[in-house]
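Below is one structure; the comments refer to it alone.
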């Protein structure tokens, strides 16, 4: 909690994210969003996230680094039609130990 309050939710960190065009994971920053370089877009993203009914973690963030690398490599191969969907599934099952 100390890290979150002192770093992620600090004004300097929030301001640096906004300056880079990112939306910080912090409530109550509407005034800062309004003063940002692209307030309409940043406010849109902020409101969409704030009003979302749930949060779904991305596949690659839910896996270990090695498994995530394999996932991303296999997704590339799948979309390039270098592996079939069945091969993709088999590769991922082998990687996660199923």
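Rounded to the nearest 0.05, what FRET efficiency do residue 81 and residue 34 give with R0 = 30 Å and r taken as the Cβ-Cβ distance? Could you check? Please list the in-between numbers first.
Values: r = 46 Å, r/R0 = 1.54.
Given R0 = 30 Å and the Cβ-Cβ separation, E is 0.05.
Separation between the residue 11 and residue 94 pseudo-spin-labels, each 7 Å from Cα along Cα→Cβ, expressed in nm?
Those two pseudo-labels are separated by 5.5 nm.
Using alpha carbons only, how many degrees (0 to 90, rounded to 10) separate the axis of helix 39-50 from the longest principal axis of the chain?
60
Can you tell me the relative contact order of the chain? Whole percent, Cα pairs under 8 Å, sequence separation 6 or more.
Values: 50 pairs, mean separation 13.6, N = 98.
The normalised contact order for the chain reaches 14 percent.
Taking only Cα atoms, what is the 0 to 90° angle, nearest 10, from helix 85-96's long axis to the longest principal axis of the chain?
It works out to around 80 degrees.
Quick one: which of 25-31, 36-42 comes out on top by average Cβ neighbours within 10 Å, and what's the full order, highest first?
Numbers: 25-31: 12.1, 36-42: 14.3.
Ranked by mean Cβ neighbours within 10 Å, highest first: 36-42, 25-31.
Throughout, read-outs are computed from the coordinates displayed, never taken from laboratory work. Not measured: the values here are computed from a predicted model. Don't worry about glycine lacking a Cβ; one is built from the backbone with ideal geometry, like all the others, and counts go over all protein chains shown.
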